[in-house]
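Beneath this line is the structure, given in structure tokens, with notes to follow.
The values are calculated or read from the model by the stated rules, or taken from the named source; none is laboratory data. Every value quoted in this text rests on a predicted model; they were computed, and no experiment measured them. A quick note on method: Cβ atoms are made from the backbone with ideal geometry, for glycine too, and the neighbour counts reach across all protein chains shown. Quick note on the areas: whole protein, heavy atoms, side chains included, nothing else; ligands and nucleic acids left out. Shrake-Rupley method; radii C 1.70, N 1.55, O 1.52, S 1.80 Å.
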Amino acid sequence: MMRRLFGIFCMLFAAGCSLVDEDFSECPDELVIDYEMRLVTNVQTEIGTALSLDADVQVAGALRNYLKDIFSDHAHDVDLSFYDVSAPMPVLEHFSDIIDASQASYTLHIPAREYMHLAVANIMDNTQVDLQDEGLCQTSRLLQHAGSGDPEVVASHTTGLFTARLPMNILENVSRTFNVNLYMANCATALVVDNTAEGTPEIRDFKAFTTGFANAFNIADSTYVFESQPLVKADPIPVEGGAESLYATVQFPSREPHSGTKVVIETTDPFISDNAEETLWEWVVYITLPDGSVTENRLKFSQALRAGQLRVIRVRIAPDGTLSTDDTSVGVSVTLDWKQGASHEIPL
């Protein structure tokens, strides 16, 4: 699904050039940049496939509502940087604005020369991710906030993040048009708990997390960084009616089976992934039973979760707190009567 976000920028020389100059000999002609938000996602397909039963209507609606500001083609804000192409590639021009619309028009003053241009959308309201180290092109990155505790626990991202990078050669007195495509940099997963299955126990508490995802994103080369892989605390999502419980997290993608993780652009099947030999990411669920004992469940995924992707997993709870699923691609490991380690305190 794609929508277009156009930003038209008329760029003029900063020195000795203005809209009221009588002599325009030193001013470049109008430069046009078309920014296009490309939302490449499987959200509607995944919800329609994983939550296709009549009993899933309420939970499907609740999940769509939760994700509406994540998988969105609407840009609230933009951050635009223009870098020198020579090492160490410092930032030469920078512009940011709130647009809240599908179109925006600006007039900037920027010298004609070669640039490497980096663009970020929807960073301003993301309370869990910052744009950092943008003074140099190669260090500019989206960095997830550090969490607390041992193991580290963080909250979900609060906006869908989009980025782009494009070399630009701005020539004097030459009109040019540049097309900049912005692609999504984060993803989501949802856990649906069927409370109607036979033997489902009354439980005292249910805490869910995901793990195995990147904690930073290098904008210039569109690669993810796995310096730490904290637990992402799942948000419980209210569901009106029905007998299913819903949890979800939003984060950067997982590793790929055979290569480094990069932003997804349009391909024939952008979310079909090979199986890795190892687990790439997990749902980690702690279920407290009426007697106070805790069952730890780890749902293991060997297929990558990519930027722009949603993965929905359905589970049932056995009387001993064990989770099961009909999805044969998901591995499950269980620890009954799980105890907190002496140096590991998870907020249950």
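Does Ala55 fit the bill of being open to solvent by 30 Å² or more (accessible area, probe 1.4 Å), touching a Gly at 6+ places or on another chain (Cβ under 7 Å), over 29 Å from Asp269 (Cβ atoms) and at pLDDT below 95? Criteria met by Ala55.
Filter the stretch 220-247 down to the residues that are in contact with a helix residue (DSSP H, G or I) (Cβ under 6 Å, 6 or more places away or on another chain) and not charged (D, E, K, R), then identify the one that is modelled with the lowest pLDDT. Reasoning before the result, please.
Going residue by residue through the stretch 220-247, those that are in contact with a helix residue (DSSP H, G or I) (Cβ under 6 Å, 6 or more places away or on another chain) are 220, 237, 239-242, 244, 246.
The next check asks that each one be not charged (D, E, K, R); those that pass are 220, 237, 239, 241-242, 246.
On the way: Ala220: 97, Ile237: 97, Val239: 95, Gly241: 83, Gly242: 74, Leu246: 97.
Of everything passing the filter in the stretch 220-247, Gly242 is modelled with the lowest pLDDT.
Of everything in the stretch 305-339 that is more than 17 Å from Val192 (Cβ to Cβ) and among the basic types (Lys, Arg), the residue that is most open to solvent (accessible area, probe 1.4 Å) is Lys339. Of the residues screened, Asp274 is not one that is modelled with pLDDT of 90 or more and open to solvent by 30 Å² or more (accessible area, probe 1.4 Å). Here Val153 meets the list (1) touching a Ser or Thr at 6+ places or on another chain (Cβ under 9 Å); (2) modelled with pLDDT of 95 or more; (3) closer than 24 Å to Arg311 by Cα; (4) open to solvent by less than 60 Å² (accessible area, probe 1.4 Å) almost entirely, failing just condition (1).
Among residues of the stretch 282-304 being under 19 Å from the mean Cα position of the chain (by Cα) and open to solvent by 10 Å² or more (accessible area, probe 1.4 Å), the one that is farthest from Gly331 (Cα to Cα) is Gln303. Mind checking which residues of the stretch 185-203 are of a type outside the set (S, T, N, Q) and modelled with pLDDT under 95? Correct list: Asp194, Ala197, Glu198, Gly199, Pro201, Glu202, Ile203. From the list Phe178, Phe217, exactly one residue is in contact with a strand residue (DSSP E or B) (Cβ under 8 Å, 6 or more places away or on another chain), modelled with pLDDT of 95 or more and not polar (S, T, N, Q). Which is it? Answer to the selection: Phe217.
Annotation note: Cβ proximity below 6 Å between a residue of the stretch 318-335 that is at positive phi and a residue that is open to solvent by less than 50 Å² (accessible area, probe 1.4 Å) (sequence gap 6+ or interchain) occurs for Gly321/Ile287; Gly321/Leu289; Gly321/Thr295. Checked across the stretch 192-202, the condition of being in contact with a Pro (Cβ under 8 Å, 6 or more places away or on another chain), open to solvent by 40 Å² or more (accessible area, probe 1.4 Å), of a type in the set (Asp, Glu) and closer than 30 Å to Leu53 by Cα holds for at least one residue.
Would you say Leu118 is at pLDDT 95 or above, surrounded by 19 or more Cβ atoms within 10 Å (Cβ to Cβ), in contact with a Lys or Arg (Cβ under 7 Å, 6 or more places away or on another chain) and not basic (Lys, Arg)? Here the answer is yes, as Leu118 does meet what is asked. Among the residues of this structure, Leu131 counts as one that is open to solvent by 10 Å² or more (accessible area, probe 1.4 Å), under 22 Å from Asp69 (Cα atoms) and touching a Leu at 6+ places or on another chain (Cβ under 9 Å).
The residue of the stretch 156-173 that is modelled with the lowest pLDDT, among those that are touching a strand residue (DSSP E or B) at 6+ places or on another chain (Cβ under 9 Å) and among the aliphatic types (A, V, I, L, M), is Ile170. Among residues of the stretch 137-155 that are touching a residue at least 40 places away in the same chain (Cβ under 8 Å) and of a type in the set (Asp, Glu), those with a beta-carbon under 8 Å from a residue that is open to solvent by 40 Å² or more (accessible area, probe 1.4 Å) and part of a strand (DSSP E or B) at least six positions away or on a different chain give the pairs Asp150/His344; Asp150/Glu345.
Which one of these is within 24 Å of Ser52 (Cα to Cα), open to solvent by less than 40 Å² (accessible area, probe 1.4 Å) and of a type outside the set (Ser, Thr, Tyr): Ala214, Ala188?
Values: Ala214 fails: within 24 Å of Ser52 (Cα to Cα).
None of the others qualify; the one that does is Ala188.
Scanning the stretch 156-182 for residues that are more than 17 Å from Ile123 (Cα to Cα) and not in a strand (DSSP E or B), we see that the one that is least open to solvent (accessible area, probe 1.4 Å) is Ile170.
Give me the residue from the stretch 228-248 that is part of a strand (DSSP E or B) and open to solvent by 60 Å² or more (accessible area, probe 1.4 Å) and, out of that set, farthest from His145 (Cα to Cα).
Checked the stretch 228-248; the qualifying residue farthest from His145 (Cα to Cα) is Pro236.
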